[in-house]
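This report refers to the structure that appears directly beneath it.
The values are calculated or read from the model by the stated rules, or taken from the named source; none is laboratory data. Not measured: the values here are computed from a predicted model. As a convention, Cβ positions derive from the backbone with ideal geometry for all residues, glycine included, and neighbour counts pool all protein chains shown. Each accessible area value is taken on the protein alone, full model and side chains, heavy atoms only, with ligands, DNA and RNA left out. Shrake-Rupley method; radii C 1.70, N 1.55, O 1.52, S 1.80 Å.
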Amino acid sequence: MIKSEQRKATIAVLVDNEPGVLARVIGLFSGRGYNIDSLTVSEVDAAAHLSRITIVTSGTEMVITQIKAQLQRLVPVHRTSDLTVEGPYVERELALVKVSSSGETRVEALRIADIFRARAVDSTINSFVFEITGSLEKISAFVDLMRPLGLVDVSRTGVVAISRGPDPI
Amino acid sequence: MAQDRMTGSEILVKALVDQGVDVLFGYPGGAVLPIYDAIFQQNQLRHILVRQEGGAVHAAEGYARSTGKVGVVLVTSGPGATNCVTGLTDALMDSIPVVCLTGQVATHLIGNDAFQEADTVGITRPCTKHNYLVKSIEDLARTIHEAFHVAKSGRPGPVVVDLPKDVMTALGSYLPPAKARHRSYNPQVKGDLSRIEQAVDLLANAKKPLIYAGGGVINAGPAASQLLTNLADLTGAPTTLTLMGLGALPASHKNFVGMVGMHGSLEANMCMHDCDVMLCVGARFDDRVTGRLDAFSPGSKKIHIDIDASSINKNIAVDVPIIGDCAYVLEDIIKVWKSRQAKCDGKALASWWDEIEGWRARDSFKYTQSGEVIKPQYALERLNAHLKGRDDVFISTEVGQHQMWAAQFLDFEKPNHWMTSGGLGTMGYGLPAAMGVQVAHPDALCIDVAGEASILMNIQEMATLAQYRLPVKVFILNNRWMGMVRQWQEFFFGGRYSESYMDSLPDFVKLAESFGAVGLRVSDPEKLDDVIAEMIATPSAVIVDVAVDPNENVYPMIPAGAAHNQITMSPDEQAVLDAASTDEGLALV
Ligand SMILES: Cc1cc2nc3c(=O)[nH]c(=O)nc-3n(C[C@H](O)[C@H](O)[C@H](O)COP(=O)(O)OP(=O)(O)OC[C@H]3O[C@@H](n4cnc5c(N)ncnc54)[C@H](O)[C@@H]3O)c2cc1C
Ligand SMILES: Cc1ncc(C[n+]2csc(CCOP(=O)(O)OP(=O)(O)O)c2C)c(N)n1
């Protein structure tokens with residue numbers, strides 16, 4: 001009756017861009033003990049004062065339904081959509097990855113970056129900053145490969161996502 | 001047009017009046033002095049000066065629950081606002097519409113640790129349905145109107161509006177209540193018709209139906225209670241109510257099987273456990289009601305009507321969820337039922353009722369009044385007898401054993417006449433709540449059924465009763481213990497009564513007198529009736545100190561984490577309690 005397997009969910013939330021709205025969303029997750037794997041927010045329509053929040057979370061089916069319902073109940077929330085179940089969607093994250101190395105390892109880092117279609121956006125004699133976009137998994141894989149090759153720092157944006165096809169959300 | 005310019009305080013007063021507010025419960029202070037000055041200069045809003053801000057919120061809750069209107073609170077910044085946190089949380093848990101106006105330091109001082117500054121919107125974010133900080137006079141009127149809309153529509157709840165002092169003195173223009181729909185917040189009231197048809201299918205084919213209704217029916221207004229009663233009549237289904245739902249079906253209705261849950265009746269809980277179709281109307285499968293989740297009503301198909309999607313499938317997975325206002329949905333269910341000329345299987349229903357009568361015959365609220373001491377149940381049974389036939393009685397309670405006995409032994413024939421703190425269980429709720437009810441219904445008989453521990457939590461409001469000549473009756477079942485705590489310590493902690501004895505109690509008679517009220521005391525069962533009659537006949541506020549048996553426990557009891565059929569009926573069944581109280585259960589509250 002109660003499905004207890006955990007699953008991941010990428011939830012898109014359209015909100016009024018007003019003070020405190022992010023605090024409401026984050027407070028909801030911390031107050032009710034839901035996971036946040038990734039959260040991004042930015043204004044998407046300045047004229048209509050709308051922001052879009054993308055949250056990657058995980059939980060049982062019942063918990064994810066709860067999360068959606070709890071989000072929808074916040075007064076400034078216009079729409080929520082669990083992209084993971086509501087049809088095909090595109091999910092991307094951008095990361096800046098700093099690697100410091102020399103000699104053969106440096107060449108290897110560059111080679112792998114090339115395979116991952118990462119671009120060097122900064123380089124010095126002994127370092128690179130790579131810019132990479134892709135799915136969460138792809139970026140994690142890239143970062144893992146860079147670890148033995150002199151990984152210094154990673155800065156990730158968190159996931160943004162949008163449904164495929166002509167319809168909104 | 002210069003003459004249209006008003007101060008923020010004047011705009012606030014006008015907005016409140018336009019929202020139909022006639023009374024505020026409040027307490028002044030520096031940040032709200034401009035508002036109090038505007039209140040001084042008008043006569044459309046009545047202000048009730050409470051003695052602690054927490055009392056103001058409970059008073060507003062009592063006012064709201066007994067009228068169906070929004071209760072309004074006005075307090076100062078900092079400590080005034082933080083004192084409201086308990087009441088706001090209480091209103092959130094019990095879905096009570098309250099608008100709480102809090103003063104705030106001037107906008108340019110916010111964030112500077114100014115005198116009596118507190119981050120009120122930050123502190124109250126998790127304990128309100130929504131909150132606002134009004135930073136500009138241009139937003140003031142619209143925000144106040146929106147706050148009322150949010151507080152009372154959908155699933156009702158408390159809303160805080162934080163009002164910086166400079167905004168209250170600034171000049172701006174007024175905006176009347178907007179007809180426009182809110183941009184994002186528009187709760188759905190009509191239920192999905194195909195789901196409603198499914199619900200009727202299930203109900204009509206049920207052999208052991210049960211209606212389980214709660215506070216949402218009270219929230220939906222008296223019409224919803226009437227519709228619930230109609231549906232009970234049409235289907236013939238036994239109907240149980242939660243603590244918050246008492247009064248939604250008349251207690252005297254033949255289908256009423258009593259309150260459900262931890263201290264509910266045997267028949268209600270057995271119906272829950274054994275039914276094959278459960279119609280949940282405006283109740284939220286609270287843990288006091290469900291007991292052990294994996295043993296909850298294992299054989300039933302469940303229909304759940306709730307206006308808040310987050311209440312559905314939260315604790316219990318249901319088969320037919322219907323999102324909507326229960327008045328609308330019940331109306332549609334009845335329409336479909338009638339248009340199909342649906343009927344329950346009469347034979348099955350009759351044998352279901354036979355089973356129920358069997359449970360009922362065991363009289364699960366049974367107690368024995370004997371000897372010199374008043375049993376608390378007896379005190380309430382006698383009180384109930386004195387109230388019979390009157391329709392102007394409002395009961396509030398504090399929290400503890402007395403609250404459960406009040407729920408078991410007092411009869412509620414109508415909605416909105418029963419105020420109790422269910423979700424948060426706030427001791428100190430009952431006296432200020434009764435005060436708010438009495439303000440709304442000056443000629444009614446308002447009784448706070450209290451414990452001697454709880455009553456001390458907001459006893460200062462006796463002064464408010466005196467100031468406004470509010471004749472609230474406080475009926476204390478004095479067992480000299482935090483009885484509910486003592487009961488748990490007896491059952492689950494080997495009788496180690498850690499810090500639950502109420503030592504050094506005041507003399508409640510003198511206490512009443514010192515507040516200008518009448519104090520009565522009774523310990524002799526023979527004199528109980530006279531004292532109750534005297535309490536009712538006294539035109540002023542009264543405290544009645546009823547000395548009751550200190551060792552009495554509330555039965556039946558389903559221990560936390562146990563199943564409905566593991567119900568303990570009486571002291572002789574301690575073994576059942578022991579068996580049912582697992583380690584896991586003991587970790588629950
Ligand atoms: C000491 C103690 C013991 C207790 N023991 C018991 C017990 O034995 N039995 C018991 O029942 N309770 C008990 N309680 C109370 C319990 O904690 C809960 O407060 C109570 O069970 C909740 O009642 P409810 O399910 O009716 O929900 P409420 O809290 O009243 O919630 C109402 C539900 O209806 C929905 N709703 C609101 N408005 C509408 C509308 N217009 N249309 C449709 N839906 C709407 C809401 O979204 C919500 O889901 C006890 C409390 C205390 C303090
Ligand atoms: C503010 C608050 N503090 C603590 C509790 C925990 N608690 C629940 S019932 C109770 C005892 C209540 O005693 P009393 O008012 O005398 O009522 P009785 O149970 O004896 O009828 C306590 C301490 C609570 N519900 N509320």
Exercise. Tell me, yes or no, whether region A:104-118 has at least one residue that is surrounded by fewer than 12 Cβ atoms within 10 Å (Cβ to Cβ) and either at pLDDT below 95 or part of a strand (DSSP E or B) (or both).
Key: no
Self-check item: Residue list for region A:63-92, restricted to those being more than 9 Å from chain B (Cβ to nearest Cβ) and open to solvent by 10 Å² or more (accessible area, probe 1.4 Å)
Solution: A:VAL63, A:THR80, A:THR84, A:VAL85, A:GLU86, A:GLY87, A:PRO88, A:TYR89, A:VAL90, A:GLU91, A:ARG92
Quiz item: Hey, among the residues in region B:141-160 that are open to solvent by 20 Å² or more (accessible area, probe 1.4 Å) and under 15 Å from B:CYS100 (Cβ atoms), which one's farthest from the other protein chains (Cβ to nearest Cβ)?
Solution: B:LYS152
Quiz item: Does at least one position in region B:111-121 carry a residue that is closer than 30 Å to B:GLY215 by Cβ and either more than 26 Å from the chain's Cα centre (by Cα) or open to solvent by 10 Å² or more (accessible area, probe 1.4 Å) (or both)?
Solution: yes
Self-check item: Sole exception among (1) under 22 Å from B:ILE307 (Cβ atoms); (2) outside the structural domain of B:GLY30 (by TED's automatic domain parsing); (3) part of a loop (DSSP other than H, G, I, E, B); (4) charged (D, E, K, R) for B:GLU197, by number
Solution: (3)
Quiz item: Considering region B:185-223 alone, what residues qualify as being open to solvent by 20 Å² or more (accessible area, probe 1.4 Å) and hydroxyl-bearing (Ser, Thr, Tyr)?
Solution: B:TYR185, B:SER194
Practice problem: Look through region B:162-184, keep the residues that are open to solvent by less than 50 Å² (accessible area, probe 1.4 Å) and assigned to a loop (DSSP other than H, G, I, E, B), and return whichever of them is nearest to the other protein chains (Cβ to nearest Cβ). | Solution: B:SER184
Quiz item: Does B:LYS190 satisfy the criteria of being without any contact (Cβ under 8 Å) to a residue 40 or more places away in the chain and within 15 Å of ligand 1 (Cβ to nearest atom)?
Solution: no
Exercise. Return only the number of the condition from (1) farther than 23 Å from B:ALA64 by Cα; (2) within 12 Å of chain A (Cβ to nearest Cβ); (3) not in a loop (DSSP other than H, G, I, E, B) that B:GLU138 does not satisfy.
Key: (2)
Practice problem: Could you pull out the residue among A:LEU39, A:LEU50 that is more than 9 Å from chain B (Cβ to nearest Cβ), farther than 22 Å from A:SER155 by Cβ and in contact (Cβ under 8 Å) with a residue 12 or more places away in the chain? | Solution: A:LEU50
Quiz item: Taking helices (runs of 4 or more DSSP H) that do not extend beyond region B:5-111, which have at least 3 residues that are outside the structural domain of B:ALA283 (by TED's automatic domain parsing) and β-branched (Val, Ile, Thr)?
Solution: B:8-18, B:85-93
Exercise. Return a yes/no flag: does region B:335-355 have any residue that is modelled with pLDDT of 95 or more, over 30 Å from B:PRO432 (Cα atoms) and surrounded by 20 or more Cβ atoms within 10 Å (Cβ to Cβ).
Key: yes
Quiz item: Would it be correct to say that B:THR368 is open to solvent by less than 20 Å² (accessible area, probe 1.4 Å) and among the polar types (S, T, N, Q)?
Solution: no
